[in-house]
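Peer 1: Let me begin by handing over the structure; questions about it come next.
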Amino acid sequence: MARPPLYDDALRDRLLAATAEMVDDKGPERISLRDIAQNAGTSTSAVYALFGGKAELLVSVIEHGFASFGEAQAAAESEGLRALGLAYRSWAMTNPALYRLMFGGGVATEDCRPDEATMSTAMAPLMRALAARVDEPDVATAALTVWAQVHGAVSLELAGVTPPLVPWDSVYGAVVDAVERAFPAR
């Protein structure tokens, strides 16, 4: 009879969520594996068994974020460029700690870098949407242009650095409208 797994996917998910929240709150240098494990209701041996160590755990959190983000983008892809932009914001507002961890640059070091394939998969729906709108050599530039626009608006909203009466739905609507005008359907 096979032994049941000691650590399951639910525990792995709790550790990923606890890590994202704690890094967002305190920064990566101010958290310990013991704090993360305690927050997730487990022991540090679970962290070591599932991830290997702190650097690997941080990479796993970022890769988990990009996979989740990529799934949201893929789900919106068939509805077009505007839907991708709206899905970007929706995912970020639902996952603010992951968003800041993924794009804040606070954990990017030589030994803490997410897998390039995971990041590329997350961006693939946008690349495909733009491939139908711009010439092939310009797709990557167009994708980064779109990403910069939606990312900038979302980052400002999450940072809360604008006046409190800013109508973010209207602002973001104007951003995705500008994106569509910049890259019209052929």
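Per-residue answers, yes or no, for (1) at pLDDT below 95; (2) touching a helix residue (DSSP H, G or I) at 6+ places or on another chain (Cβ under 6 Å):
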{"residue": "86", "(1), (2)": "no, no"}
{"residue": "92", "(1), (2)": "no, yes"}
{"residue": "103", "(1), (2)": "yes, no"}
{"residue": "116", "(1), (2)": "yes, no"}
{"residue": "164", "(1), (2)": "yes, no"}
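Peer 1: Taking the stated definitions as given, is residue 21 within 30 Å of residue 130 (Cβ to Cβ), open to solvent by 40 Å² or more (accessible area, probe 1.4 Å) and of a type in the set (Asp, Glu)? Before the answer, list the steps.
Peer 2: Details: within 30 Å of residue 130 (Cβ to Cβ): no; open to solvent by 40 Å² or more (accessible area, probe 1.4 Å): yes; of a type in the set (Asp, Glu): yes.
So residue 21 does not fit the description; no.
Peer 1: Would you please name the residue that is surrounded by the fewest Cβ atoms within 10 Å (Cβ to Cβ), looking only at residues in the range 68-78 that are closer than 11 Å to residue 125 by Cα and not hydrophobic (A, V, I, L, M, F, W, C)?
Peer 2: 78
Peer 1: With the requirement that a residue be of a type outside the set (A, V, I, L, M, F, W, C) and surrounded by 15 or more Cβ atoms within 10 Å (Cβ to Cβ), what does the range 150-172 give you? Write out each step before concluding.
Peer 2: Residues of the range 150-172 that are of a type outside the set (A, V, I, L, M, F, W, C), as a first pass: 151-152, 155, 157, 160, 162-164, 167, 169-170, 172.
If the condition is that a residue be of a type outside the set (A, V, I, L, M, F, W, C) and surrounded by 15 or more Cβ atoms within 10 Å (Cβ to Cβ), then 151, 155, 157, 172 are the ones that fit.
Peer 1: Restricted to the range 32-61, and to residues that are open to solvent by less than 10 Å² (accessible area, probe 1.4 Å) and among the β-branched types (Val, Ile, Thr), which residue is nearest to residue 8 (Cα to Cα)?
Peer 2: 47
Peer 1: Quick check on my filter: what residues within the range 11-35 are at pLDDT 90 or above, assigned to a helix (DSSP H, G or I) and more than 20 Å from the chain's Cα centre (by Cα)?
Peer 2: Of everything in the range 11-35, those that are at pLDDT 90 or above, assigned to a helix (DSSP H, G or I) and more than 20 Å from the chain's Cα centre (by Cα) turn out to be 11, 33, 34, 35.
Peer 1: Let me confirm something: among 68, 45, which residue is under 20 Å from residue 6 (Cβ atoms) and among the polar types (S, T, N, Q)? If you could, list the steps in order and put the result at the bottom.
Peer 2: Values: 68 fails: under 20 Å from residue 6 (Cβ atoms).
Answer to the selection: 45.
Peer 1: So residue 98 ticks every box in (1) surrounded by fewer than 21 Cβ atoms within 10 Å (Cβ to Cβ); (2) within 25 Å of residue 159 (Cβ to Cβ) but one. Which box is left unticked?
Peer 2: Failed condition: (1).
The values are calculated or read from the model by the stated rules, or taken from the named source; none is laboratory data. Bear in mind that the values here come from a model prediction, so they are computed numbers and not experimental data. Note: ideal-geometry Cβ built from the backbone for every residue, glycine included; neighbour counts use all protein chains shown. Accessible surface is based on the protein model in full, side chains and every heavy atom, while ligands, DNA and RNA are left aside. Shrake-Rupley method; radii C 1.70, N 1.55, O 1.52, S 1.80 Å.
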